[in-house]
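Encoded as structure tokens, the structure appears first; notes follow it.
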Amino acid sequence: GKFYQHATTEASQATLASVSPVFAVMKLDKEGNTTYFEKKKTELYQELGLQARDLRFQHLMSIVTRNNRIIMRMEFLKAVITPEFLLILDYRNLNLEHWLFNELASQLAGEGQLVTYSLPFEFRAIEAILQYRISKLQGRLNTLQPQILETLEALVDPKLLSVDRSKLHILLQNGKSLSELETDLKVFKETILEILDEEELIEELCLSKWTDPQVFEESTSGIDHAEEMELLLENYYRQAEDLANEARELRVLIDDSESIIFINLDSHRNVMMRLNLQLTMGTFSLSLFGLIGVAFGMNLESSLEEDPRVFWLVTGIMFLGSGLIWRRLLSFLGRHLEPPLPPHVLLKKYQPAAGREEIKNNLKAETFGLSRSTLTNH
């Protein structure tokens, strides 16, 4: 029985090892040399001195340290940073291939625009990954901005009596993409801020400080690597904050424009209702004095039909009376219902911060004034 149980345990372990996922790994060293290989998850985390849960990558962003290793998760990017090399796991992704094969190796070798070349290798790797993430978020924002502004410029037009449903569909899709971008920026900032709030986490990110005696001596003598890491993270946190502010301004612009669109439609609807009311009053006035003609149209004899001037007299009285009553009703309507002026908003193309602030203030001011006039009107 013991022999059978031992054999069953070995068989189950062999089965689990055989179904362990295989990672396609790209390895980059300090000189930018790149190697590619495939390795099972069990072999990889044992070789790196990690645990199985450390390689349980998800699309949520996180930056953690384990056993003098930095593990970074950023959407499709899964990376493990050591003091000597950088591992990119599951690199076969269309969103990563251009950056991995054309930019990352040269950045790590010192041919890019990173500011951490004088610092240990992990600084370069972290900065390259954060720079890639910020550039992707910036690219998404740059794609959405002209589309949203163009759609709003087509929709916010006081001459429009109806709204183009295709434009509204485009605006809805862009609004959804903008919400996803705001969520990604929020997660990015929260992840960086969580590290900045803990001094121990910043110290743990400085891998070479605890493995290389020379780096430790430099850090204690004057070049504090923990402060350099904090400045690096603060720099990208500030960039993410700027992108979040721009996305927030776009969201406010969309909300204000939606209010103006509805006010425009309400204004045109009020004009149509006013016109309908005026025609109804005109019909009522005409039909009221039309009773005189109905009375004379009856087949009854009187002395009035013998005089040829009576026809023109009665007709004149009918039209004159109808006109007077109609004007009287219009003056009564004018005292109780004043038509609101249709708003006129011209959305400009994307401008610097001052221009965007001016557009936002104009939209808010016109929205507030029109909302107050509409409430008074109702």
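The values are calculated or read from the model by the stated rules, or taken from the named source; none is laboratory data. If you're wondering where the values come from, they're calculated on a predicted model, not measured in any experiment. Reconstructed Cβ throughout: ideal geometry from the backbone, glycine too, with neighbour counts over all protein chains shown. What goes into the accessible areas is simple: the full protein's heavy atoms, side chains included, and nothing from ligands, DNA or RNA. Shrake-Rupley method; radii C 1.70, N 1.55, O 1.52, S 1.80 Å.
How big is the accessible area of E249 in square angstrom, nearest 10, if you roll a 1.4 angstrom probe over the protein chains?
Its accessible surface works out to 50 Å², give or take rounding.
Largest first, how would K41, K176 line up by accessible area (1.4 Å probe)?
From most exposed to least exposed: K176, K41.
Given R₀ = 22 Å, FRET efficiency for N235-E103 by Cβ-Cβ distance, to 0.05?
Using R0 = 22 Å, I get an efficiency of 0.70.
Students sometimes get this wrong: rank W210, W326, W99, W312 by accessible area, probe 1.4 Å, all chains present, largest first.
My answer, sorted largest first, is W312, W210, W326, W99.
Quick one: putting +1 on the C-beta of Lys and Arg, -1 on the C-beta of Asp and Glu, what dipole do you get for the stretch 14-110 around its Cα centre, in Debye to the nearest 20?
Value, rounded to 20: 380 debye.
What are the equivalent ellipsoid semi-axes of the stretch 14-110, built from the alpha-carbon gyration tensor (square roots of five times its eigenvalues), in whole angstrom, biggest first?
Each semi-axis is the square root of five times an eigenvalue, giving 22, 15, 14 Å.
How long, wide and thick is the stretch 91-193, going by the Cα atoms along their three principal axes, in whole angstroms, largest first?
Extents along the principal axes, in whole Å: 63, 30, 24.
Order T143, T82, T315, most accessible first, counting only protein heavy atoms with a 1.4 angstrom probe.
Solvent-accessible surface, decreasing: T143, T315, T82.
For the stretch 114-268, take N as its residue count and report Rg(C-alpha) divided by 2.2 N^0.38 Å.
The stretch 114-268 yields a ratio of 1.49.
List the residues whose amide H sits under 5 Å from the amide H of A24, counting only those 5 or more places along or on another chain, with H placed 1.01 Å from N in the peptide plane.
Correct list: D90, Y91.
Just list whichever of K39/K209; K39/K78; K78/K136; K41/K209; K78/K186; K78/K189 have alpha carbons separated by over 24 Å in the model shown.
Checking Cα-Cα distances, K39/K209; K41/K209 exceed 24 Å.
For the stretch 114-268, calculate the relative contact order in percent as a whole number, restricting contacts to Cα pairs under 8 Å that are 6 or more residues apart.
Here the relative contact order equals 34 percent.
If we sort 177-189, 252-264, 116-128 on the protection proxy, mean other Cβ atoms within 10 Å, highest first, what's the order?
Result, highest mean Cβ count within 10 Å first: 116-128, 252-264, 177-189.
Quick one: putting +1 on the C-beta of Lys and Arg, -1 on the C-beta of Asp and Glu, what dipole do you get for the stretch 96-202 around its Cα centre, in Debye to the nearest 20?
Approximately 660 debye in magnitude.
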